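All of the numbers you see were taken from the coordinates with simple rules; none came from a lab. Predicted model, so just to flag it, every value in this text is computed and none were measured. Here the Cβ positions follow ideal geometry from the backbone for every residue, glycine too, while neighbour counts run over all protein chains shown.
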Amino acid sequence: MIAQCPQGRNFVARVKRVLRRWLFLPVLLIVAAVGASHALDFDHLLARFRGLGGQDPVLRDWEKLLADARPLATKDKLRRVNDFFNRRIQFGDDQEIWGQSDYWATLLETLAKGQGDCEDFTTAKYFTLLNVGVPNEQLRLIYVKAKIGGTASRVSQPHMVLAYYDTPEADPLVLDNLIADLRLALRRPDLQPVFSFNSQSIWQGAAGKTAAGPNGFGVLSHWEGLLKRAKAEGFD
């Protein structure tokens, strides 16, 4: 199951080389507004969703998820959102879904298809949690090397998970499409962090306190493109 995001190999290697050199090309942080919870225009979202071939009840279920999750305690929000996407989205390969070797779908695209790979699960959960009131600075998308066949295995594959930090120094909770329950990172020895990021910055590893800053998005072209498309869909 863990070997589900093989298209990430070259991407991870490329990012690791750039992170080691710490040389980032300046780019505009185009989605600085992403990171706060904003009132969504559901009529606009529904029109975009229909244009993607999505069925109305699917988006309505997601809209209900937002309404139900907003008043909950943070950990309950995390569980509710994690469970929703793990149940509703079927894993699929980008080549089969999109006809491309590596495509990062928006939340609406993932819901409309009902399929996605590990990046799509992770980004869909990320945007949903932002819109139920979880602060951006407490969320990071983490690229990891996931061991196959147990923690003693020497075989690993690239994978992506979402992490929630109660405090900047806390051991984060991991939201994963492979393991249903939320677990602290210390309880996931099968995952070796490579780098982490959100719409505000990029970090080497998962626990680093010093961020590369918004200029780091120059290397994350897939993420930058996804943020632009998410903004066009109404996630601003």
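The table below gives the values:
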read-out	value
FRET efficiency, 1/(1 + (r/R0)^6) with R0 25 Å, evaluated for residue 96 and residue 154 via beta carbons	0.30
Cα→Cβ-extended label distance, 7 Å offset, between residue 178 and residue 228, nm	3.2 nm
3J(HN,Hα) from dihedral phi, region 69-85, Karplus parametrisation 6.51/-1.76/1.60, rounded to Hz, x for glycine, proline	7, 3, x, 6, 5, 4, 5, 5, 4, 4, 5, 4, 5, 4, 5, 4, 6
Filter on 64/113; 125/228; 75/125; 147/231 - keep pairs with C-alpha separation over 23 Å	147/231
Region 84-236: Rg to Rh, with Rh as the Kirkwood radius over Cα pairs	0.94
Proxy reagent accessibility, fewest Cβ within 10 Å first, across 202, 148, 179	148, 179, 202
Cα→Cβ-extended label distance, 7 Å offset, between residue 137 and residue 58, nm	3.6 nm
Computed lengthening from residue 166 to residue 70, 0.36 nm per intervening residue step minus Cα-Cα distance	32.8 nm
Other-chain or far-sequence residues with amide H under 5 Å of residue 156's (modelled H)	148
